[in-house]
Amino acid sequence: MADFLIRRGNLRDTSWTHTPLPALAEGKARLKVDAFALTANNVTYASFGEAMGYWNFFPAADPAFGRVPVWGFATVTESKADGVAPGARVYGYLPISDEFDIQPVRVSQTSCMDGAAHRQGLAPIYNTYIFNAADPSYNPAFEAQQMLFRPLFTTGWMIDDCLMEAGTDIPETVVISSASSKTALALAHCLKQRGAVEAIGLTSPANKAYVEASGLYARTVTYDEVDRLHARGLTAYVDFVGRPALTADIHHALKDRLVRSLVIGVTDWEGNRAPVEAPGPQPEFFFVPTYAAARAKALGADELNARTSKALAGFYAASEKYLTPSHLQGQSAIETAWQDTLAARVAPSTGLILSL
């Protein structure tokens, strides 16, 4: 079994390990990783690995290292678990490994969960494996888009819902940092569907043309122009960069127009994240599993799933306008892709799809 390991204290220090596969235990199923997406979201998982428990999903033998979770497809190669048959294909949370074992529980026609002891207490949304054969959202023509966008679009949709449906002080303008990131694009897409809200994208000078060409933002502003930022009406700020100094600058620029400030990710994973005092609303950390659970309780799980599935299907086709999947294979390609993602060397128009 091949595993891609990342030193938890230094995300650039990586290695591959190879260990013999043990005999499959009773009640477990073995899955072969078919393909997965690699995005800045996975860097966020590694950056918050200690604080948010992301390293706990796929622990490494040496606790100094970890296996970062990714989203993708896998096929059951062997099973000693009732209801999970060899040959079944699933979508879900995977390690960067060629094979891994799960302990299926709550097995239904549509999905199962990994009930392994080390995954107890972790968010159910990350422990669920969806069977392609019974997934109404699955479309073989959009497998790459599903790997790249399904979890990120869900995050974008939930942020849109939080700002526009489930909160007070509904904003007329939403300012979005790291506007070229995939989750930001998903959020901007959802906001544009509403028509009445204006999205302003914050980005680097290098990515400004791409952000403008996406057609998702009413205006595009570079980070060096933030001190001159202006917005129409009540405004929310959605932060994907994770740089408190930038957040403070935006709070100062927008003053009393700012009614919400959400912190989502850390595309600037090496930046200084020390808190900076700023006027206006207290920045809120937005954790999707917690919000999704609350909305499922309020709306009903079936209604929430129906809303997100309908929106997701429309987004897959729309995303082809501004993102092209790039398929790469092999350990060397995966290593290079990880280092390029850490260094922000992957063009925003490229979506990395990787396999061993």
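The values are calculated or read from the model by the stated rules, or taken from the named source; none is laboratory data. This is a predicted model, so every value here is computed, not measured. Here the Cβ is made from the backbone with ideal geometry for all residues, glycine too, and neighbour counts use every protein chain on show.
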(message) Taking the conditions exactly as written (surrounded by fewer than 22 Cβ atoms within 10 Å (Cβ to Cβ) and modelled with pLDDT of 90 or more), does PHE48 satisfy them or not?
(response) no
(request) Tally the residues that are in a loop (DSSP other than H, G, I, E, B) and within 22 Å of LEU148 (Cα to Cα), restricting the search to segment 71-99. (result) 4
(request) Within segment 159-184, count every residue that is in a helix (DSSP H, G or I) and under 12 Å from the mean Cα position of the chain (by Cα). (result) 3
(message) If I go through segment 38-70 residue by residue, how many of them are part of a helix (DSSP H, G or I) and farther than 14 Å from THR183 by Cβ?
(response) 9
(message) I'd like the residue in segment 150-184 that is free of Cβ contacts under 8 Å to residues at least 60 places away in the same chain and out of contact with any Gly (no Cβ under 8 Å at 6 or more places or on another chain) and, out of all such residues, is farthest from PRO348 (Cα to Cα).
(response) THR168
(request) Look through segment 319-356, keep the residues that are assigned to a helix (DSSP H, G or I) and of a type in the set (S, T, N, Q), and return whichever of them is farthest from ASP98 (Cα to Cα). (result) SER319
(message) Quick check on this structure: which one of LEU328, LEU352, LEU342, LEU323 is crowded, with 19+ Cβ neighbours inside 10 Å and closer than 18 Å to TRP16 by Cα?
(response) LEU342
(message) Condition (residue is outside the structural domain of ALA236 (by TED's automatic domain parsing), at pLDDT 95 or above and surrounded by 21 or more Cβ atoms within 10 Å (Cβ to Cβ)) applied to segment 105-126: is it met by at least one residue?
(response) yes
(request) Scan segment 74-96 residue by residue and report those that are among the charged types (D, E, K, R) and under 27 Å from the mean Cα position of the chain (by Cα). (result) ARG89
(message) Quick check on segment 133-149. Is at least one of its residues of a type in the set (D, E, K, R), surrounded by fewer than 23 Cβ atoms within 10 Å (Cβ to Cβ), in a helix (DSSP H, G or I) and in contact (Cβ under 8 Å) with a residue 60 or more places away in the chain?
(response) yes
